[in-house]
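Data first, discussion second: the structure below is written as structure tokens.
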Amino acid sequence: MNTTFHSTRGSSANLTSRQAIRQGLAGDGGLFVTDDLGKQQVDVSALVGKSYQDMALTVLGVLLPDFRASELDECVRAAYDSQWLDSAITPLKPLGDDYILELFNGPTSAFKDVALQILPQFMARTATAGTATNEKVMVLTATSGDTGKAALAGFADTGGTGITVFYPEGKVSEIQRLQMTTQTGSNVNVCAVKGNFDDAQTAVKRIFGDKDLAAKLEENNSVSLSSANSINVGRLVPQVVYYFSAYTQLIERGAIKVGDEVEFVVPTGNFGDILAGYYAKKLGLPVGRLTVASDRNNVLFDFLTTGAYNRERPFYQTTSPSMDILVSSNLERMLYYMSDGDTKLIGSLMSDLQSKGSFTIPDSLLERIRGLFSCGWADEDQVSQAITDCWNANRYVIDPHTACGYHVLTQMPQETAMPRVLLSTASPYKFPRVVGKALGLDTTGTDFDCMDRLCEATGTTAPKNLRGLEHATERFTDVISIDEMPDYVSNVSERL
Ligand SMILES: *Cc1c(COP(=O)(O)O)cnc(C)c1O
């Protein structure tokens, strides 16, 4: 048994990757990591010319060592099939002198599909052998917009699991809200909460730490709780694959040779997407630089510039809601690895964050981090301008999240000849009003009117899953306070 997964804060038993996926978050509030990361390297040259699915098998085989190859094969085939609009899954396209990696061709039109199409497959294979077969998992997720729908689509009608999604009332786009409230499936629950994303995420984390609630759910209905947020290792590792895919696509285009370094610019919120790039580097991919692109909630920019992380700051609701985050959870994993696994340090930083709302890392650690990670951010005007500029320069339409990255990419002095890849995280059709406005289109009427005008003006097509929402039936209308979340979880778990 390969029991190497433990908490970033040190004080937890060692688990297999299977157990870590099932549990989600460590008992001490830390995130699961393994010190084996990077011990086994991936031979990049052997991946050139391979399909996305075959690449996924190789990379996941290294990252999830206790899954059998045959199991991973089943998971991969189910997750990356005809529900994707492009057979490359994450196609790389030229964007001027740079490149853009499209991560949004999945069933919900956001990059979260890459992970959330396969997480339910992993989860279904984590039931502990020898235990009662009526054991069920309730997956809990707080969403700033895109995770919720992607998780619902992934888990809907998956046996032995339920899925509950909390989203901040009034703080997701109309399309995002409809995507969630119209979700079909007998095991799905969607609920709006009064607060912002961080409030909801903090409450979900508190529910995971609630031992009494856990005991009650287990006793009454054999339900254990798990997470589909990017704090779950099963969410994180599938994202490592597309960094390899981007790299081999660059090779296939003749843009680089094996071994050449590449820079990735990543629209960032919870630090999951960009952390996957760091994992890819640890597995041997020649990643030269990882650039964090933030929106106006630029807590990561300040952190990477000064070494001080401070969540006590105004929260801005922007046109890129999936990046409106003040507590960037996966940063903890990066700090763990960058400090060579200093669990004491991580534990004390995170306790500072909890008690004081801030922490400061040692200068030597900051310097080390800055050797690999750079950062930038875009305010609302710059996001809008970036959408316009990208269209004018490249005839390519980007969404407001990707636009934060585009702004950072185009503002950054290009110091080296390293090829640069911008990760594109959502379809522009998820945010047709914001995008239409930036492009100077008429944005009166509904989001669907905006979609139609965007099609017409740019010659692109709206994904069916989004355009079809106009006439879908809304199933979920509950709005609750943060304090009511534990009871809500308890109620829906009873019905599982
Ligand atoms: C989730 C999301 C992000 C941020 O990704 P993280 O892994 O949270 O850093 C960026 N853009 C879009 C569209 C997203 O859905």
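Readers should treat all values here as calculations from the given coordinates under stated rules, not as data from a laboratory. On a predicted model such as this, the values are computed, not experimentally measured, just so you know. FYI the Cβ positions are ideal-geometry reconstructions off the backbone, even for glycines, and counts take in every protein chain you see.
Numbers below:
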| item | result |
| --- | --- |
| Globularity ratio of the range 63-177, using Cα Rg and 2.2 N^0.38 Å | 1.22 |
| Beta bridges by DSSP in the chain, antiparallel share as percent, to the nearest 5 | 25 |
| The chain, dipole about Cα centre (Lys/Arg Cβ +1, Asp/Glu Cβ -1), debye to the nearest 20 | 560 |
| For the range 1-70 versus the range 420-496, the gap between their alpha-carbon centres in whole angstrom | 32 |
| Under-23-angstrom lysine pairs by C-alpha in the range 244-368, whenever the two are 8 or more apart or on separate chains | 4 |
| Separation of the GLU219 and ASP381 label points, Cα + 7 Å toward Cβ, nm | 6.0 |
| Relative contact order of the chain, pairs being alpha-carbon contacts under 8 Å that are 6 or more residues apart, as % | 19 |
| Sum of side-chain charges, PRO314 neighbourhood, beta-carbon under 15 Å (Lys, Arg +1; Asp, Glu -1) | -4 |
| Cβ charges +1 (Lys, Arg) and -1 (Asp, Glu), total dipole of the range 24-110, debye | 140 |
| Radius of gyration and Dmax over the Cα atoms of the range 167-296, both given in Å | 19.4, 59 |
| Dipole of the chain, positive direction: furthest Cα of ALA403, CYS390, TYR80, with charges on the beta-carbon | TYR80 |
| The range 259-393, dipole about Cα centre (Lys/Arg Cβ +1, Asp/Glu Cβ -1), debye to the nearest 20 | 420 |
| Net lengthening on full extension, THR460/THR473 (0.36 nm per residue, minus Cα-Cα) | 2.0 nm |
| Nonlocal amide H pairs with VAL265, under 5 Å, H built at 1.01 Å | THR291, VAL421, LEU422, LEU423 |
| Tensor-based shape of the chain (alpha-carbon gyration tensor, a/c under 1.5 rounded, otherwise prolate or oblate) | rounded |
| Potential lengthening between GLU174 and ALA78 on full extension [0.36 nm per residue; Cα-Cα distance subtracted] | 31.6 nm |
| Estimated [θ] at 222 nm from DSSP helical runs (n ≥ 4, -39500 (n - 2.57)) normalised by residues in the chain, nearest 500 | -12500 deg cm²/dmol |
| At least 27 Å along the helix axis (C-alpha) and Kyte average at least 0.5, DSSP helices within the chain | 233-252 |
| Convex hull volume per residue in cubic angstrom - Cα atoms of the range 372-496 | 204 |
| Residues whose placed amide H lies under 5 Å from that of CYS375, excluding near-sequence neighbours | VAL292 |
| Sequence-distant residues sharing a close amide H with ARG9 (under 5 Å, placed H) | GLY30, LEU31 |
| Phi to ³J(HN,Hα) by Karplus 6.51 cos²θ - 1.76 cosθ + 1.60 over the range 114-126, Hz, x for Gly, Pro | 3, 8, 7, 6, 9, 4, x, 5, 4, 4, 5, 9, 9 |
| Residue-by-residue Karplus 3J(HN,Hα) for the range 476-481, coefficients 6.51, -1.76, 1.60, Hz, glycine and proline x | 10, 10, 4, 10, 10, 8 |
| The range 355-420 - convex hull of the alpha-carbon atoms, volume per residue in Å³ | 127 |
| DSSP-defined beta bridges in the range 253-359 - what % are antiparallel, rounded to 5 | 25 |
| Unit charges at the beta carbon, dipole of the chain: most positive-side option, VAL262, ALA192, THR477 | VAL262 |
| Two-decimal log10 I(q)/I(0) for the range 245-384, as the Debye equation yields it once each C-alpha is a single scatterer, q = 0.14 Å⁻¹ | -0.69 |
| Descending semi-axes in whole angstrom, ellipsoid equivalent of the range 11-139, from the Cα gyration tensor | 29, 18, 16 |
| Two-site label geometry, THR416 and LYS50: point separation in nm, points 7 Å out along Cα→Cβ | 2.5 |
